[in-house]
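Quick notes on the structure that follows.
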Amino acid sequence: MSFQEPELDRSPRVSDEVRKTTCYMCACRCGIDVHLKSGRVSYIEGNRDHPVNKGVLCAKGASGIRQVTAPSRLKAPLRRVGPRGSGAFEEISWDEALGLAVQWLGPLRARAPEKLAFFTGRDQSQSFTSLWAQAFGTPNYAAHGGFCSVNMAAAGIYTLGGSFWEFGQPDWDRTRLFILFGVAEDHDSNPIKIGIGKLKARGARIIGVNPIRTGYNAVADDWFAITPGTDGLLILALIHELLAAGRIDLDYLARWTNAPCLVDETEGEEKGLLLRDDLGRPLVIDKATGEPAPYDRQGLRPDLGATWKGCRTVFQHLAERYLAPEYAPEAVAERCGIAAARIRALAGLIARTAFDEPLVIDQPWTDFRGERHAAMIGRPVSFHAMRGISAHSNGFQTARALHLLQILIGSVEVPGGFRFKPPYPKPAHAHPVPHSYFMPGRPLDGPHLGFPQGPEHLALKLDDQSPARIDKGFTWENPLSAHGLMQMVIPNAHAGDPYRIDTLMLYMANMSWNSSMNTGAVMEMLTARDEAGDYTIPRIIYSDAYASEMVAYADLVLPDTTYLERHDCISLLDRPISDPDHAADAIRWPVVTAERGAHAGVRPFQSVLVDLAGRLGLPGFVTAEGRPRYADYADYITGHERRPGVGPLIGFRGDGSQTGRGAPNPDQIARYIANGGFFTADVPAEARFFKPWNRAYQDWAVTMGFYDQPQPYLFQIYCEPMRRFQLAAEGYHERQPPEHLRARIRATMDPLPIWYPPFGDAAAAGYPLHALTQRPMAMYHSWGSQNEWLRQIHGHNPLYLPTAVWQAEGFRDGDWARVTSPSGSITVPVAHMAALNDHTVWTWNAIGKRKGTWALAPDAPEATKGFLLNHLIHELLPERGDGLRWSNADPITGQAAWFDLRVRVERAAPPGESEPAFPPIDFRGLQ
Amino acid sequence: MHPAPSVILFTVLSGAGFGLLGLLGLGPALGAAPSGGLAALLLWGLGYALAGAGLIASGFHLGRPERALRAFSQWRSSWLSREAWATVAALLASAPVALASILGRPLPVAAGLVSGLICLATVLVTAMIYAQLKTVPRWHHWTVPALFAGFALTGGAILAGFGPFAALPALALGALMILAFRIGDGRFAAAGSTLATATGLGPAAGGGLRSFAPPHTGSNYLMREMIHVVGRRHARRLRRIAVLAGAVLPALILAALPAGILATALAAILHLAGALAQRWLFFAEAEHVVGLYYGAR
Amino acid sequence: MTSLPPPPAKKLGLVIDLDTCVGCQACVTACKGWNDQGHGAPLSDQDARGADPSGTFLNRVHSYEVTPPDAAARIVHFPRSCLHCDNAPCVTVCPTGASYKRAADGIVLVNEDACIGCGLCAWACPYGARELDAAAGVMKKCTLCVDRIDNATLAEQDRVPACVRTCPTGARHFGDLADPESAVSRLVAERGGYELMPEQGTRPTNRYLPPRPRDRIDDEAPLAPLLDIRPAGLAGWLDRVLGRL
Ligand SMILES: Nc1nc2c(c(=O)[nH]1)N[C@H]1C(S)=C(S)[C@@H](COP(=O)(O)OP(=O)(O)OC[C@H]3O[C@@H](n4cnc5c(=O)[nH]c(N)nc54)[C@H](O)[C@@H]3O)O[C@H]1N2
Ligand SMILES: Nc1nc2c(c(=O)[nH]1)N[C@H]1C(S)=C(S)[C@@H](COP(=O)(O)OP(=O)(O)OC[C@H]3O[C@@H](n4cnc5c(=O)[nH]c(N)nc54)[C@H](O)[C@@H]3O)O[C@H]1N2
Ligand code: SF4
Ligand code: SF4
Ligand code: SF4
Ligand code: SF4
Ligand code: SF4
Ligand SMILES: [Mo]
């Protein structure tokens, strides 16, 4: 008998229906096609038409189905019945839950709104949650940015008017040299991967600067195995080389940056500020006349080399600083762990790529001074950086240094360089300043977060100059803390410093576990009681979708839906999903319903907030008659206007044909759904580059509603707001820093980028190694472990040790080690890695889990072999004997310095389980 | 390879069973007096029982045993399929010979010769299932069919009551085992598969190449089935047991003790114990090239 | 019978670019997601929330460390799935005919209705491309997404394997390796695509593109300083620099 190939159905119908929405397993926010069979999700793939991911998905996105079916999902509102942290809850109805919340929050608002602290994690609706908090009237609101990447975000905004973070990207289609600093994965996961793929396909050069060579750095053509915390030195040495060789873009510097601006050199309260005219416009010397002129005068040719009345240009100041021998490659090589010759070689490569083969796009354009340019000239060198730079206590200045490098070679907003995504660029001075003035029963005086221009914008109480915010954001300790300091909320609330709060409301942040420093102590703070036996943080309300570690510490749990079951809005008012050529926004919508059997069910937390706002009568959320203005979040998305005609979504406004500006359109969400869940608006061809100075762009941005009038600006090589804080520290401001901070402010708030050793180094004696974490591409923080597919990939996490340590300590496969930092000790499994900086150890972030959580078995490897490095990281620096506790954060922004961690490693007998081990949480009542 | 009890029992029992059936069939041709009556019933019965038990054990190795009949279809290409046919042929061909001798009416010698050869061929076909696998270099060698045959002949000869004559195949088996262990130890290296050929990263590596991280921290079928690490000391001890119990001691017993039920039983039990040890090692020591991907080796 | 068909005129397969793969595991879960609901039995997981979770995956991504004697060590991410061999030993060993190689396009498949779960084909495969599903008791392997690549219900551009469609870096390429003019064949020719374990004689269809040479920055010339800055001073430097404007 001869073999018959079986009949195959090669054209099976994939599903009954496809619904297009937006992924949620990270802030990348890719478009997804959700396939349904019999009303249930059967398969999820990338949406080909979507501007973010163009059809691709990452490992998390492609296993989203398991996020929805996870048994760890909460099923009903919960009221705590056992002690905090025990996990003992009873299910209650939504009426009870909302009633309780109103009973707690209503009196607070009337009496002391600051006693509600509302902090959110990687909340994708910050423009909404912040508005809610503002309407409530508490100054205590922020999202996770303070412990995440505020250094990067703030340095970018203050310098360029946009940052690497999510507000810009390399010109993937044109760049020829791409240099990546300190990135394992980042928020822009799929665009970065798509971009790297494009570079690889063209054979463009990729350089990875990272102590660890995995992932993106593994495919980089060259690897700079930098010693953590020293990137600033490396970058300034590159700048030194480029300056010494004169290989910088003078024309770019003169036209588009404050390099030609004159720095006041007369002693007194203006010293070091830029000279300005009567209208406050910075002055430059016009080459044609030799006379000072406002920077934006039509036809002006600024002179970089001018000196006027003893005042020199920013350009001269910077040249003087960085040409100094202390920034020569030889001077930094040892500290960076990179040979001087390699630094020189890199500088050479950068210069040749930027200047020897310029990229020209034949697209005429007109700048803000009215000059018409025949073409767009590119510098095809691009950079990207993230937390490897950001999460150090010198991160803000390091990020500024990197932006300076980009500016010097003229590679920002040019073809082949780094490009902004609308609605960026938007300079710091066009952003709000922080607001913190609160009064009982009244909304806050403005948005919480912003970009201070000087000490007058600090969030200090007017009477006693004490911190207005519970996290001490925008104080002298961290003046530019543009994202707040999430990591300080629980310690400060527990200590009652600067004041006591009543209710801590958290939303999707696993603060009793992986997102806190010093996790064990935070658990104690959450359960600590005062003399009267009451919890020192009296009430905790928490919204999560899953049985996470944090749920156990809440008094009231408001269970959320998953991303496939609710409306969401990925708004330009928030963190945009645009790309440089398109403004884009998107929605989520309930593509399936959340079935919860006999339980009270889950509700979208945003809709719960809308409901609470109605019940509490928050201004903006109720009508003149005091009735709720919005039925739910979807209603808010379409109905809310930030400014007249400008709302959360730009597409299909008014009668459905208007973009950017237009009256609210009740059909808007339906139109988005019909359009695949997103909307894009093309940036006109003439407006695609040189956006801060390009008239066509500025005009387009106004029509889109990004701002109300053109607002061209110069890149801030010299950062004046920083100088204003220095001046205060020198005694020239009515607001004065406390004595113990004066010297630090003078030293760190330098208006030109500097480098100083990360604060963690001060305690380095006895702790020779740097300890880092990296995000695994296939896991999202704590919350991938409940996914049955993903946890097979990363079920536990060894600590990787470099060859030198591995051999010196005589480690063997399967060994364990005790890892000790100045603040604690853990015992964990180790593994060997040669492709690693000699002084660095690392592990994957957030794999370790607390027993009993996430509906995992108590002996799950996440709990028995997995571990967190967080136990070794303190939110405060070790005592220095000055009677003060300094925070383990960047002194400018308050960014948590996760990566300043220093440790030592010794072989240890394998304990039964990773240590420290905590008692299991008994969540049985939930299942 | 994972030393699964099902395959160990299958190969040991069916090997002994077909060895016994084979030698019972071949016996007259070799000049042995055919037994009859109860003795024949017991002997042939034992042969069928062993072969049957082996077959049943092999069923436990299948994911879908209810479809076992399908295994007959691919005899032209598949040794496993051929084995199915050979097994049936051996069992069928032995039946009349067995029946006749139990009834005391032995068939012509030629009939036993045919059935016996089919039984022994079955054992060789079984061996070929393993010996054909290039992926397991230790198995991909003539010593494997030789060993399987050796065990079948020795076991068969002991059980068939060949007495001192059974010492001969036993001794040969012992020598063969020692040889096979020796040769086997060098097979993987000789086969030339390395992590460098498995990944193609050899030339770039120049120096070191190793598995940095497995694809999953969780386990999987491949790791359970194909990657098994035996301690060296443990292996050495078991090898000794296999050679001593499986070959040397039975030979000594059969040569030294008077032929009879006692010597046969003692030798048979020792031999089977040795066979089990050898078979455990046969799997446990066999390295599959896929282990290279996981850094096993 | 499951002897191998004559060499097919069309040889569909994958080309995997090790220079580009960042090890993101997207192809791993995309494959699991597609095949969990597509061709044949779902890909089951055992002890999914327990101490030893273990499931069937048709594609897994390893990481290897290369330490050249004279350059920095590096990591190479390495996806591994069925290579759709021309001389597929997994097919010939199969006793039931469940395992077969399609004559038309060379795809190696398992007819799960005929599979007895004997595991022999997995033993015969050098590449670990087959996994016996513990729930279904049948052999699972990469199907090259046979239910996608010609699926008339899908848009033309979606008729590629799930792993290829999802790979964010574009490190996975699908096409006809028998056609020297195909994009995949040209990639293989240009980039020196190679077979895995050629000594096994399986003649795989899939090819791997080697990582490009790394760490050559030292070949770059440093920049020449404009002038000796110490005697010239900042003013001298400024003159020289601005003189170029
Ligand atoms: N898959 C996945 N994606 C995510 C997340 C996730 O959990 N999973 N989380 C999201 C979030 S919240 C964030 S903040 C982003 C963060 O995205 P990333 O910025 O990529 O953050 P990390 O993974 O912490 O990686 C930090 C990198 O910096 C390196 N590094 C550490 N110190 C230094 C240094 O001093 N110099 C240099 N040059 N490098 C250094 C580390 O080796 C590591 O590679 O990712 C987002 N995307
Ligand atoms: N050692 C170390 N620690 C770190 C970092 C590091 O690099 N190293 N990185 C820090 C950084 S940058 C960040 S951003 C933090 C991240 O830390 P977290 O923001 O705490 O991150 P997750 O673990 O993702 O916790 C989010 C919570 O949201 C819940 N959740 C998920 N989906 C939903 C939903 O749809 N609705 C609601 N209501 N809840 C949901 C999850 O169940 C989980 O409990 O970690 C920080 N911690
Ligand atoms: S990168 Fe992955 S997890 Fe993040 S949104 Fe995109 S598909 Fe989802
Ligand atoms: S890779 Fe393995 S399973 Fe695939 S055809 Fe080749 S031998 Fe068969
Ligand atoms: S497991 Fe199935 S496909 Fe594999 S050889 Fe056995 S019957 Fe054939
Ligand atoms: S081709 Fe299809 S079945 Fe094969 S690995 Fe890719 S996704 Fe999986
Ligand atoms: S999806 Fe692409 S880049 Fe990611 S692991 Fe797979 S092949 Fe590599
Ligand atoms: Mo973050």
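The values are calculated or read from the model by the stated rules, or taken from the named source; none is laboratory data. None of the values given here were measured: they were computed from a predicted structure. Here Cβ is always computed from backbone atoms with ideal geometry, including for glycine, and neighbour counts include all displayed protein chains. Note: areas computed on protein heavy atoms with side chains; ligands, DNA, RNA excluded. Shrake-Rupley method; radii C 1.70, N 1.55, O 1.52, S 1.80 Å.
Could you give the alpha-carbon Rg of segment A:356-449 over 2.2 N^0.38 Å, rounded to two decimals? Intermediate values should be presented prior to the final figure.
On the way: Rg = 19.0 Å, N = 94, 2.2 N^0.38 = 12.4 Å.
Here the answer is 1.53, to two decimals.
Each label point is 7 Å from the Cα along the Cα-to-Cβ direction; what then is the distance between the points at A:ASP838 and A:GLU915, in nm?
3.2
Heavy-atom accessible surface, probe 1.4 Å, ligands and DNA/RNA ignored: which residues of segment C:178-206 lose at least 20 Å² versus the isolated chain?
The answer is C:TYR194, C:LEU196, C:MET197, C:GLU199, C:GLN200 - residues whose exposure falls by at least 20 Å² when every protein chain is included.
When every alpha-carbon pair in segment A:262-307 is counted, what percent end up more than 13 Å apart?
Numbers: 558 of 1035 pairs.
So the portion of pairs separated by more than 13 Å is 54 percent.
Quick check on chain C: take the gyration tensor over C-alpha atoms, sort the square-rooted eigenvalues as a ≥ b ≥ c, and tell me if it's rounded (a/c under 1.5), prolate or oblate. Can you show the working numbers first?
Values: a/c = 2.62, a/b = 2.30, b/c = 1.14.
Note, shape of chain C comes out prolate.
Using protein chains only and a probe of 1.4 angstrom, how many square angstrom of A:GLU456 are accessible, to the nearest 10?
Surface accessible to solvent at A:GLU456 totals approximately 90 Å².
Suppose every Lys and Arg Cβ carries +1 and every Asp and Glu Cβ carries -1, with no other charges. What dipole size does segment C:12-219 come out with about its Cα centre, to the nearest 20 debye? Working shown, then result.
Numbers: 21 positive and 27 negative charges, 17 e Å.
Dipole magnitude for segment C:12-219 comes out near 80 debye.
I'd like the Karplus ³J(HN,Hα) series for segment A:788-797: coefficients 6.51, -1.76, 1.60, θ = phi - 60°, whole numbers in Hz, and an x wherever there's a Gly or Pro.
4, 7, 5, 6, 6, 7, 10, x, 7, 9
Return the tail of the calculated pair distribution for segment C:1-136, meaning the percent of Cα-Cα pairs more than 19 Å apart. Kindly include the intermediate steps, with their values, before the conclusion.
Values: 5436 of 9180 pairs.
Every Cα pair in segment C:1-136 considered, those over 19 Å come to 59 percent.
State in Å² the accessible area per residue of segment B:134-297; use a 1.4 Å probe, count heavy atoms of protein chains only, and round to the nearest integer. Don't skip to the answer; put the middle values down first.
Working: 6620 Å² over 164 residues.
Per residue, segment B:134-297 has an accessible area of 40 Å².
Mind checking C:210-220 for the average number of partner chain beta-carbons within 10 Å of each residue's beta-carbon?
On the way: counts 5, 6, 5, 2, 8, 6, 4, 14, 6, 2, 12.
Mean shielding count: 6.
How much accessible area per residue does segment A:759-908 have, counting only protein heavy atoms and a probe of 1.4 Å, in square angstrom?
Solvent-accessible surface per residue comes out at 28 Å².
Residues of A:343-349, mean number of Cβ from any other protein chain within 10 Å of their own Cβ, rounded to a whole number? Intermediate results must be reported in sequence, preceding the final value.
Working: counts 2, 6, 8, 3, 3, 6, 6.
Neighbouring Cβ atoms belonging to other protein chains average 5 per residue here.
I'd like the carbon and sulfur percentage of the solvent accessible area for chain B, probe radius 1.4 Å, heavy atoms only, ligands and nucleic acids excluded. Intermediate results must be reported in sequence, preceding the final value.
Values: 8910 of 12160 Å².
The computed percentage sits at 73.
Taking 7 Å along the Cα-to-C-beta vector as the label spot, tell me the A:GLU326-B:ARG232 distance in nanometres, rounded to one decimal.
5.8
List for segment B:45-71: residues with 50 Å² or greater reduction in accessible area, all protein chains versus chain alone, probe 1.4 Å?
Flagged in segment B:45-71: B:ARG64, B:ARG67, B:ARG70.
Once you charge only the Cβ atoms, +1 for Lys and Arg and -1 for Asp and Glu, what is the size of the charge dipole of segment A:262-307 about its Cα centre, to the nearest 20 debye? Walk me through the intermediate numbers first.
On the way: 6 positive and 11 negative charges, 62 e Å.
Roughly 300 debye, rounded to the nearest 20.
Take every residue in peptide A:61-67, count the Cβ atoms of other chains within 10 Å of its Cβ, and give the average of those counts.
Values: counts 6, 13, 8, 2, 5, 6, 0.
What the average comes to for A:61-67 is 6.
So for segment B:134-297, taking the charge dipole from beta-carbon charges (+1 Lys/Arg, -1 Asp/Glu), which of B:ALA160, B:LEU266, B:ALA198 sits furthest toward the positive end?
My answer, from the dipole projection, is B:ALA198.
Could you please state how large a percent of the accessible area of chain C is carbon and sulfur, counting protein chains only and using a 1.4 Å probe?
Values: 4010 of 7650 Å².
Its accessible area is 52 percent carbon and sulfur atoms.
What is the diffusion coefficient of segment A:389-530 in µm²/s, taking the Kirkwood radius over Cα pairs and the Stokes-Einstein relation at 20 °C with a viscosity of 1.002 mPa s? Numbers along the way, then the final one.
On the way: Rh = 17.8 Å.
After rounding, the answer is 121 µm²/s.
I'd like the antiparallel share, as a percent to the nearest 5, of DSSP beta bridges with both residues in the protein assembly as shown. Don't jump to the answer; show the numbers that get you there.
Values: 95 of 138 bridges.
Around 70 percent of the beta bridges assigned by DSSP in the protein assembly as shown are antiparallel ones.
Using the Cα centre of segment A:14-58 as the reference point, and only Cβ charges (+1 on K/R, -1 on D/E), how large is the resulting charge dipole? Debye, rounded to the nearest 20.
The calculated dipole for segment A:14-58 is roughly 100 debye.
Taking segment A:1-110, which GluC sites (Glu not before Pro) meet the DSSP loop condition and have no more than 14 other C-beta atoms within 10 Å? Walk me through the numbers before you get to the answer.
Details: sites: A:GLU7, A:GLU17, A:GLU45, A:GLU90, A:GLU91, A:GLU96; in loops: A:GLU7.
Within segment A:1-110, the qualifying GluC sites (Glu not before Pro) (loop, at most 14 other Cβ atoms within 10 Å) are A:GLU7.
Sticking with the crude label model, points 7 Å out along Cα→Cβ, report the distance from A:SER466 to C:GLU190 in nm, one decimal please.
Spacing of the two 7 Å Cα→Cβ label points: 6.8 nm.
Residues of segment A:1-20 losing 20 Å² or more of accessible area relative to the isolated chain, 1.4 Å probe, heavy atoms only?
The answer is A:MET1, A:PHE3, A:GLU5, A:PRO6, A:LEU8, A:ARG10, A:SER11, A:PRO12, A:VAL14.
How big a patch of accessible area, both sides summed and in Å² to the nearest 100, lies buried between C and A at a 1.4 Å probe?
Values: alone 13500 and 31320 Å², together 37790 Å².
It comes to approximately 7000 Å² buried between C and A.
Please compute the contact order of chain B in relative form: average sequence separation of alpha-carbon pairs under 8 Å and at least six residues apart, divided by the residue count, as a percent. Spell out each step's value before the answer.
On the way: 461 pairs, mean separation 71.8, N = 297.
Relative contact order comes out at 24 percent.
How large a share of the accessible area of chain A, in percent, is made up of carbon and sulfur atoms when the probe is 1.4 Å and the other protein chains stay in place?
Numbers: 13770 of 27540 Å².
Looking at chain A in its full context, I get 50 percent from C and S.
Considering the options A:ALA817, A:HIS781, A:ALA765, tell which one lies farthest towards the positive end of the dipole of segment A:709-833, charges being +1 on Lys and Arg and -1 on Asp and Glu at the Cβ, about the Cα centre.
In segment A:709-833, that residue is A:HIS781.
Taking just the alpha carbons, could you work out the radius of gyration and Dmax for segment B:62-167, both in angstroms?
In Å, with Rg to one decimal and Dmax whole: 16.0, 49.
Once a ≥ b ≥ c are taken as the square roots of the eigenvalues of the Cα gyration tensor of segment A:623-743, is the result rounded (a/c under 1.5), prolate (a/b larger than b/c) or oblate (a/b not larger than b/c)? Intermediate values should be presented prior to the final figure.
Working: a/c = 3.36, a/b = 1.63, b/c = 2.06.
Verdict is oblate for segment A:623-743.
In what sequence, largest accessible area first, do C:TRP237, B:TRP79 appear using a 1.4 Å probe?
B:TRP79, C:TRP237
Out of the trypsin sites (Lys or Arg not before Pro) in segment A:864-899, which ones are loop residues according to DSSP with at most 16 other C-beta atoms within 10 Å? Provide the component values of the computation, followed by the final result.
Values: sites: A:LYS865, A:ARG880, A:ARG885; in loops: A:LYS865, A:ARG880, A:ARG885.
In loop regions of segment A:864-899 (DSSP not H, G, I, E or B), the sparsely surrounded trypsin sites (Lys or Arg not before Pro) are A:ARG880, A:ARG885.
If each Cα of segment A:795-834 is one equal point scatterer, what is log10 of I(q)/I(0) from the Debye formula at q = 0.31 Å⁻¹?
One equal scatterer on each Cα of segment A:795-834 leads to -1.10.
Based on the inverse mean of 1/r over its pairs of different Cα atoms, what is the Kirkwood hydrodynamic radius of segment A:759-908, in Å? Before the final figure, lay out the partial values.
Numbers: mean 1/r = 0.0615 Å⁻¹.
With all distinct Cα pairs of segment A:759-908 included, I get 16.3 Å.
Can you give the FRET efficiency for B:LEU262 and B:LEU30, using 1/(1 + (r/R0)^6), R0 = 25 Å, r = Cβ-Cβ distance, to the nearest 0.05?
Details: r = 24 Å, r/R0 = 0.95.
Once the sixth-power term is evaluated, E becomes 0.60.
A:PHE224's amide H: which non-local residues (gap 5+, or another chain) put their own amide H closer than 5 Å, with H modeled 1.01 Å from N in plane and none for Pro or chain starts?
Under 5 Å from the amide H of A:PHE224: A:GLY208, A:VAL209, A:ASN210.
Would you mind working out the accessible area per residue for segment B:1-132, using a 1.4 Å probe, and quoting it in Å²? Mind showing how you got there, number by number?
Values: 5540 Å² over 132 residues.
That works out to 42 Å² for each residue.
With point charges of +1 on the Cβ of Lys and Arg and -1 on the Cβ of Asp and Glu, referenced to the Cα centre of segment B:134-297, which listed residue (B:GLY231, B:GLY207, B:HIS141) lies farthest in the positive direction of the dipole?
Positive-most Cα among the choices belongs to B:GLY207.
Using only the alpha carbons, work out the radius of gyration and Dmax of segment A:1-134 in angstrom.
According to the Cα coordinates of segment A:1-134, Rg and Dmax are 22.8, 89 Å.
Which of the lysines could a cross-linker span from A:LYS287 if the Cα-Cα distance has to be under 29 Å and same-chain partners fewer than 8 positions apart are dropped?
A:LYS271, A:LYS309, A:LYS426, A:LYS691
Can you list the aspartates and glutamates whose alpha carbon sits under 15 Å from that of A:LYS60, skipping same-chain ones fewer than 8 residues off?
The reachable aspartates and glutamates, counting only those whose Cα sits under 15 Å from A:LYS60, are A:ASP33, A:GLU45, A:GLU185, A:ASP186, A:ASP188, A:GLU788.
Would you mind giving the average projected area, over all directions, of the Cα convex hull of the protein assembly as shown in nm² with one decimal?
On the way: hull surface 232.1 nm².
One quarter of the hull surface, i.e. the mean projection, equals 58.0 nm².
How much accessible area does A:ASP922 have with a 1.4 Å probe, in Å² rounded to the nearest 10?
70
Could you give me the percent of Cα pairs per 5 Å distance bin for segment A:394-438, shortest bin first, beginning at zero and ending with the bin that holds the maximum distance?
Once binned at 5 Å, the Cα pair distances of segment A:394-438 give 5, 16, 16, 22, 21, 9, 5, 3, 2, 0.
Considering just Cα atoms, how many Å³ per residue does the convex hull of segment B:1-132 enclose?
Numbers: hull volume 14.2 nm³, N = 132.
Hull volume normalised by residue count: 107 Å³.
Normalised by the residues of segment A:759-908, what does the relative contact order come to in percent, with Cα pairs under 8 Å and at least six apart?
Values: 291 pairs, mean separation 53.3, N = 150.
Here the relative contact order equals 36 percent.
What is the interface area between chains C and B, defined as buried accessible area summed over both chains with a 1.4 Å probe, reported in Å² to the nearest 100?
On the way: alone 13500 and 14930 Å², together 23660 Å².
Buried: approximately 4800 Å² between B and C.
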